[in-house]
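The values are calculated or read from the model by the stated rules, or taken from the named source; none is laboratory data. The shown structure was predicted, so the numbers you read here are calculated from the model rather than taken from an experiment. Cβ atoms come from the backbone with ideal geometry, glycine included; neighbour counts cover every protein chain shown. Remember, those area values only see protein heavy atoms, side chains included, never the ligands or the DNA or RNA. Shrake-Rupley method; radii C 1.70, N 1.55, O 1.52, S 1.80 Å.
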Amino acid sequence: MRTIRLIATRELGDLFGSRAKGIRMLLFVGMLPVLTLVILRLQLARPDYDIARLPTGVLVSFMYTGILPLNFSMGMAALSFASEFESGTIVPLLAAPVRTSAIFAGKLVAALAAGIGLAWFSQGLLFGLFSPMLNRPWPVPLSVTLLMSAGVPVLAFPLVAMTMVLGSRARQARTAQANSTLAFLAVLAVSLLIAWRRPPLTPPVVAAAALGGLAGGAVLLAVGMRLWDREELLSRSD
Amino acid sequence: MDGVAAQSLSRRFGARVAVDQVDLHVRPGEILALLGPNGAGKTTTVRMVAALLRPSGGTCRVNGYDVVAQADQVRQITGLMTDVPALYGDMALRAYLIWFAGLYGIAETAARVQADALIDQFGLAAWNAAPLATLSRGTQQKVALARSLLHDPHVLLLDEPTASLDVEATLGLREVFRTLKESGRAIVLCTHNLAEAEKVADSVAILINGRIAHQQRLRADGTPRTYRLRLASAAPIDLSLLQTVPWLERGSVCWRGPGVIEYATRVPEEANPRVAAALVGHGAGLVELAPGRESLEEIYLRKLQEAGHAHHQTHRH
C-alpha cells in the first residue's frame, strides 16, 4: 500500500507540482462550467426560450462538466509509463523491491484521483454558481444530480484503465497518446449506443451500467497487469 | 558467499545471445570492472545481477540470494546506478531521495536521516531544494549514486556511471567509488574507459560479444610482478650477476628475446633500481624498463582485434 501511495503522490505532484501549475489546471477546468452558465444565461435571456427545456439542458451540461475533465486522467494514464520509458526513470524504479502491479496501481490511482477531483470540482462549480449567475434555483432533482456525480468514478475507472493499458504498450509518448485515442473510440461507441437505444435511467439500468463499468475496468486492469512483467517494462526503456 | 557469484550466466533475446556463459566473482571490498565495447553484454549482465532480467541459463547469487528465486531480497541489497541519471526533474533533491527511500521500505524519519547523510557525503547540500532538472549532469549523477545507496546496499552495480561526464566530475565520482569500496561493498563497474578501470578496479573482465574474453586481477598485492629490461646491445651477458640482487623471485630471471631480460619481484620499488644499477655497473646499456606483461589497453585491443571489433570504440581519459 505504501508503494502505491508513494507512486500516486509522485504522479500527482508531477501534475500539480507547483502552485502555478495547480491554479492553471483549476482555471482551465473551471472555465467549462462558467462558460456553460454564460451560454445558459444568454439562452434564458432570449424571449423564445422554452423554459421547460432547462432541466434537460442543465443535466446534459452537468454530465459533460463531469466527463470532460476526465481527459486529464486519460492524458496522465496514457503518458505515465511512456514518459518513464523515454526518460529512463523506470529503470531505478524497477531495480527497487517494488511490485510492478504496485507501480501500475499507484499510477492508476493518481490518474483517477486527478480526473475525478477535477470533474467534481467542475461539477461543483456549475452547481454552486448556477443560482448566483442565473438567479433561479437548481432545476434538476438533487438525487439525479448526486447520481450524475457518483457516475464520474464509475465512468473514469474503465476509461482510465483502458488508456493506461494502451498507453503503457508504447515506448514513446507520441505513440502512447495515439494508442490512448482508441479509448476515446470506445467512449464514442458507448455514447452512440446510448443515443441509439435511449435506455431509461431507471435504478436497475444505472446499477447494471455501473457494475458493467467497474467489471470492465477490473478486467482491463487484470489483463494489463498480466502484460506488465518487469522485463517487459524494462525492454521498453531501452 | 558474500558479494556476487555468477556461474555460466547466459541471456538470450530471441535468437540473439547477449550474454554467454559468463563467470563473475566479486567479493566485498572489491571492484570488478566489466570492460567491453557497446553491445558487448555489460548492461545485460548487470541487469541480471540486479534481478531485473532473468538469466536464460546459469546461476547468479548476490550475498547468497538467488537472482531468480529470491529476486526481491537481491533488489533489497543491491544498488544500481545507470549511465543516465534517470531522475524526476520536477522533484527537489532532498524530497526525491526521501521519496525513493520509501520504495525500499525505509520509514519516513529514517529516510530523512539517510537522505541528509548522503547529501552531506556527496556535497549536495547547496542543491537541497533545487529541482533535479536544474542540476548539472555531474551533480545529477551524484544524486543518482546517492539514490542507489539509500538502502545501504551490500552490492553496487555501476553501469557506465561516468559516461558523458567532464573530467572533474569523473575524478570526483572515482574517489567516491574508492570510498564505497573501502566501506566493504562489492562493486561491479561497467565501463569502456580503460583508464578508469585501471585506476579504481581490483580486477577486470573484458566482455566481447557476450563472452568473457579475458579476466585478470589488477591489484594482486603480495604476488610477484614481472618486469622486462631492454638492453642497448643484443650481446648476451651473464645473468648470474643479477642473483646478488635481493627481492628478485628465485629463478625468475631469464632472457625473453635478444637483449630483453625478464624478472619478477614483489617489491619493484627496491628491486628495479638495483637491477638497473647492477647491469649498468657491468657495462650494459639500458634502453627501457617496463612492466613485463601486456598493458590492459594492449590486451583489450588484442581481444577486440581477435573478435573483429573496431578499435575506435575504446577511449582513454
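Between B:Glu306 and B:Arg27, what is the FRET efficiency for a Förster distance of 35 Å, r being their Cβ-Cβ separation, to the nearest 0.05?
For R0 = 35 Å, the calculated efficiency reads 0.75.
Where the eigenvalues come from the Cα gyration tensor of region B:70-191, what are the semi-axes √(5λ) of the equivalent ellipsoid, largest first, in whole Å?
The equivalent ellipsoid of region B:70-191 has semi-axes of 19, 19, 13 Å.
Peptide B:98-106: average number of partner chain Cβ atoms within 10 Å per residue?
Other-chain Cβ atoms within 10 Å of each residue's Cβ, averaged: 5.
Given Cα pairs under 8 Å that are at least 6 residues apart, what percent is the relative contact order of chain A?
29
Largest first, what is the accessible-area ranking of A:Trp228, B:Trp127 with a 1.4 Å probe?
Details: A:Trp228 10, B:Trp127 95 Å².
Ranked from most to least accessible, the order is B:Trp127, A:Trp228.
Taking only DSSP H segments of four or more residues, each worth -39500 (n - 2.57), what value at 222 nm results for chain A once the sum is divided by all its residues, to the nearest 500 deg cm²/dmol?
Taking each H run of at least 4 residues, the total per residue is -29000 deg cm²/dmol.
Can you tell me which of A:Ala82, A:Ala161, A:Ala95 moves the most in a GNM of chain A? Springs connect C-alpha atoms under 10 Å apart.
Of A:Ala82, A:Ala161, A:Ala95, the most mobile in the Gaussian network model is A:Ala95.
For region B:193-272, take every pair of Cα atoms, bin their distances at 10 Å starting from 0, and report each bin as a whole percent.
15, 34, 28, 19, 3
What is the angle, in °, between the Cα long axis of helix B:296-306 and the longest principal axis of the Cα atoms in chain B? Nearest 10 is fine, range 0 to 90.
80
Could you sort the residues of region A:88-108 by number and keep only those whose accessible area is reduced by 40 Å² or more in the all-protein-chain setting relative to the chain alone, 1.4 Å probe?
Those are A:Thr89, A:Val91, A:Pro92, A:Leu93, A:Ala95, A:Pro97, which lose 40 Å² or more relative to the chain on its own.
Can you list the HN-Hα couplings for region B:261-277, worked out from phi with the Karplus curve (6.51, -1.76, 1.60; θ = phi - 60°), rounded to whole Hz and with x for Gly and Pro?
Computed from phi, the couplings for region B:261-277 are 10, 10, 8, 10, 8, 8, 10, x, 5, 8, 6, 4, x, 6, 4, 4, 5 Hz.
For chain A, with every protein chain kept in place, what is the accessible area per residue (1.4 Å probe, Å²)?
About 50 Å² of surface per residue is accessible.
Rounded to the nearest 10 degrees, what's the angle between the helix A:70-87 long axis and the longest principal axis of chain A, both from Cα atoms, 0 to 90?
Between helix and principal axis, roughly 20 degrees.
Within 10 Å of each Cβ in B:46-53, how many Cβ atoms from other chains are there, averaged over the peptide?
Mean partner shielding for this stretch: 3.
For region B:11-163, what relative contact order do you get, as a whole percent, if you take Cα pairs closer than 8 Å and at least 6 residues apart?
Numbers: 196 pairs, mean separation 42.0, N = 153.
Across region B:11-163, relative contact order equals 27 percent.
Ignore the peptide's own chain and count Cβ atoms of other chains within 10 Å of each Cβ in B:143-151; give me the average, rounded.
For peptide B:143-151, the averaged partner shielding equals 1.
Which values of log₁₀ I(q)/I(0), to two decimal places, follow from the Debye formula for region B:28-119 at q = 0.10, 0.17, 0.26 Å⁻¹ with a uniform point scatterer at every Cα?
The calculated log intensity ratios at q = 0.10, 0.17, 0.26 Å⁻¹ are -0.35, -0.93, -1.27.
Let me know the charge dipole size of region B:5-153 about its Cα centre in debye, to the nearest 20, where only the beta-carbon of Lys, Arg (+1) and Asp, Glu (-1) is charged. Mind showing how you got there, number by number?
Working: 14 positive and 11 negative charges, 81 e Å.
It comes to approximately 400 debye.
Could you state, as a whole-number percent, how many of the C-alpha pairs of region A:2-237 are farther apart than 30 Å?
Result: 32 percent of Cα pairs exceed 30 Å.
Straight-line reach only, C-alpha to C-alpha below 27 angstrom: list the lysines that B:Lys142 could link to, leaving out same-chain residues fewer than 8 apart.
Filter leaves B:Lys42, B:Lys181, B:Lys199.
Could you pull out every residue, at least 5 positions away or on a different chain, whose amide H is within less than 5 Å of the one on B:Ala18? Hs are placed 1.01 Å off N in the peptide plane, and Pro or chain starts have none.
Residues meeting the amide H criterion: B:Arg11, B:Arg12, B:Phe13.
Using only protein heavy atoms and a 1.4 Å probe, how much accessible area in total is buried between A and B, to the nearest 100 Å²? Walk me through the numbers on the way to the answer.
Values: alone 13190 and 15090 Å², together 25950 Å².
Summing both sides, the interface buries roughly 2300 Å².
Can you pull the accessible area of B:Trp255 for me, 1.4 Å probe, Å² to the nearest 10?
Ignoring ligands and nucleic acids, B:Trp255 comes out at about 90 Å².
At 20 °C and 1.002 mPa s, what whole-number value in µm²/s does Stokes-Einstein give for the translational diffusion of chain B, with Rh from the Kirkwood sum over Cα pairs? Mind showing how you got there, number by number?
On the way: Rh = 21.8 Å.
For these conditions, the coefficient is 98 µm²/s.
Please report the base-10 log of the normalised intensity I(q)/I(0) for the protein assembly as shown, using a Debye sum with one equal scatterer per alpha carbon and no solvent, at each q in 0.08, 0.11 (1/Å).
Values, matching the q order: -0.68, -1.03.
In the protein assembly as shown, carbon and sulfur make up what percent of the accessible area (probe 1.4 Å)?
On the protein assembly as shown, the fraction of accessible area on carbon and sulfur atoms equals 59 percent.
For chain B, with every protein chain kept in place, what is the accessible area per residue (1.4 Å probe, Å²)? Present the calculation step by step, with values, prior to reporting the outcome.
Working: 13970 Å² over 317 residues.
The answer is 44 Å² per residue.
Taking Cα pairs under 8 Å and at least six residues apart, what relative contact order does chain B come out at, in percent?
Here the relative contact order equals 20 percent.
Place the peptides A:142-150, A:98-106 in order of packing, highest mean first, counting for every residue the other Cβ atoms within 10 Å and averaging per peptide. Intermediate values should be presented prior to the final figure.
Numbers: A:142-150: 13.4, A:98-106: 20.1.
Put in order of decreasing packing, that is A:98-106, A:142-150.
Helix B:167-182 versus the longest principal axis of chain B: what is the Cα-based angle in degrees, 0 to 90, to the nearest 10?
90
Using the Karplus curve 6.51 cos²θ - 1.76 cosθ + 1.60 with θ = phi - 60°, what ³J(HN,Hα) values do you get for each residue of region A:93-101, in whole Hz, with x for Gly and Pro?
Residue by residue, region A:93-101 yields 5, 6, 6, 7, x, 10, 7, 5, 5 Hz.
In deg cm²/dmol and to the nearest 500, what is the mean residue ellipticity at 222 nm of chain B if only DSSP H runs of at least 4 residues count, each as -39500 (n - 2.57), divided by the residue total?
Here the helix-only value at 222 nm equals -9500 deg cm²/dmol.
Using mean Cβ contacts within 10 Å as the protection proxy, how do A:37-44, B:281-288 order, highest first?
Peptide ranking by packing, descending: A:37-44, B:281-288.
Ranked highest first by the average count of other Cβ atoms within 10 Å around their residues, in what order do B:203-211, B:87-95, B:172-180 fall?
On the way: B:203-211: 21.7, B:87-95: 19.6, B:172-180: 17.2.
In descending order of packing, they fall as B:203-211, B:87-95, B:172-180.
What size of dipole, in debye to the nearest 20, comes out for region B:85-229 about its Cα centre when the only charges are +1 on Lys and Arg C-beta atoms and -1 on Asp and Glu C-beta atoms?
In debye, rounded to 20, region B:85-229 gives about 460.
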